[in-house]
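Got a structure for you, written out below as structure tokens; questions coming shortly.
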Amino acid sequence: EAYYKAMSDLIAYQSGATYLGSSLDWQDKVESNGRGCSYGLEVLLRKTLGKTTGWISYTLSKTTRQFENQNDGKPYPFKYDRRHDIGIVILHKLRENVDFSASWMFNTGNAFTMAAGKYDILSDPEPIGNWNDGMDEVHIYPGVNTFRLRSFHRLDIGFNFHKQKKKGKRTWNISIYNVYNRQNPFFYYFVQERHYDMQGNYDPSQSQIKLMQLSQFPIIPSVAYSFSF
């Protein structure tokens, strides 16, 4: 399958706008009259016969947004633009009452906006405390959604043990989520490692800023019981 969709009259938050702790109406925080497009190609291969069944799916896609007052008026990747999306599912009947399943998924990381640098400006020429108290940081952004999270992928497996009872069917399930414990990113954040000299004075020239990652769920085993009438 192939698809193409053109969109108009879109809205988006203005650059730097927030919906927290502000007295402005939402209409004053958004850009309007935006345009966008989404297009791609989807392929699906499915096996339905035999003890081993399953499918492989692949999507190649692109989704963009464009606003006059964002990204210098140039199109940029939408937050949920994912260039590659792959899914592999295998179902295998080991015995009459035991079956096995495995699924692996992969997709390109979400696009997001991240600062590429910063500089200090003097906000208060007469600070009360340290001279640094009179300085404010200004971040430099090269564009909208110019960075991406790391690619997302994981493997899940499970075993089902069935048994026919007088009044229904009993099933035990043993499964493992994220088998190889992939540390998929949920979001990134900056941490500044402060450096101090031998006298205990803060030395900003030796301090470093590191990009850190908060990950999603690690490997998770589980056991479930169900009974169908």
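The values are calculated or read from the model by the stated rules, or taken from the named source; none is laboratory data. Bear in mind the structure is a predicted one, so any value in this text is a computation, not a measurement. Reconstructed Cβ throughout: ideal geometry from the backbone, glycine too, with neighbour counts over all protein chains shown. Remember, those area values only see protein heavy atoms, side chains included, never the ligands or the DNA or RNA. Shrake-Rupley method; radii C 1.70, N 1.55, O 1.52, S 1.80 Å.
Arranged from highest to lowest average of other beta-carbon atoms within 10 Å per residue, in what order do the peptides 154-166, 57-69, 185-197 appear?
57-69, 154-166, 185-197
Take the Cα coordinates of region 1-94, assign each an equal point scatterer, and use the Debye formula without solvent to give log10 I(q)/I(0) at q = 0.13, 0.14, 0.17, 0.21 Å⁻¹.
Log-scaled intensity ratios, in q order: -0.63, -0.68, -0.81, -1.02.
For a paramagnetic label modelled at 7 Å from the Cα of residue 181 toward its Cβ, which residues of region 210-229 fall within the zone defined by backbone nitrogen distances under 13 Å?
218-221
Something else about it: Could you list log10 I(q)/I(0) for region 136-229 at q = 0.14, 0.15, 0.18 Å⁻¹, which the Debye formula gives when each Cα is one point scatterer?
Those come out to -0.78, -0.83, -0.96, one per q.
Specify which residue in the list 109, 76, 145 is farthest towards the positive end of the charge dipole of region 34-160, using unit charges on the beta carbon of Lys, Arg (+1) and Asp, Glu (-1), about the Cα centre.
Farthest towards the positive pole: 109.
Rounded to the nearest whole Å², what accessible area per residue is found for the chain with the 1.4 Å probe?
Spelled out: the 1.4 Å probe surface of the chain, per residue, equals 71 Å².
Please state the charge dipole magnitude for region 27-107, taken about the Cα centre, from unit charges on C-beta atoms (+1 on K and R, -1 on D and E), reported in debye and rounded to the nearest 20. Walk me through the intermediate numbers first.
Values: 13 positive and 9 negative charges, 71 e Å.
The dipole magnitude comes to about 340 debye.
Which of 104, 26, 55 ends up with the largest GNM mean-square fluctuation for the chain, with Cα atoms connected below 10 Å?
26
Here is a further query. Over 20 Å between Cα atoms: which of 5/62; 93/163; 74/210; 93/167 fall into that group?
74/210; 93/167, as the Cα separations exceed 20 Å there.
Let me ask something else about it. Suppose every K and R has +1 on its Cβ and every D and E has -1 on its Cβ; what is the size of the dipole of the chain about the Cα centre, in Debye to the nearest 20?
Details: 27 positive and 22 negative charges, 550 e Å.
Charge dipole, the chain, about its Cα centre: 2640 debye, nearest 20.
Pop out the carbon and sulfur fraction of the accessible area of the chain as a percent, whole number, probe 1.4 Å.
Exposed carbon and sulfur together represent 57 percent of the surface.
Just add up the charged neighbours of residue 42: K/R +1, D/E -1, any other residue whose Cβ is under 15 Å from the Cβ of residue 42.
Values: positive: 5, 46, 62, 82, 83; negative: 1, 85.
Spelling it out: positives minus negatives among the neighbours equals +3.
Would you mind classifying region 146-197 by shape? Square roots of the alpha carbon gyration tensor eigenvalues, ordered a ≥ b ≥ c; an a/c under 1.5 is rounded, otherwise it is prolate if a/b is larger than b/c and oblate if not.
It comes out prolate by the Cα gyration axes.
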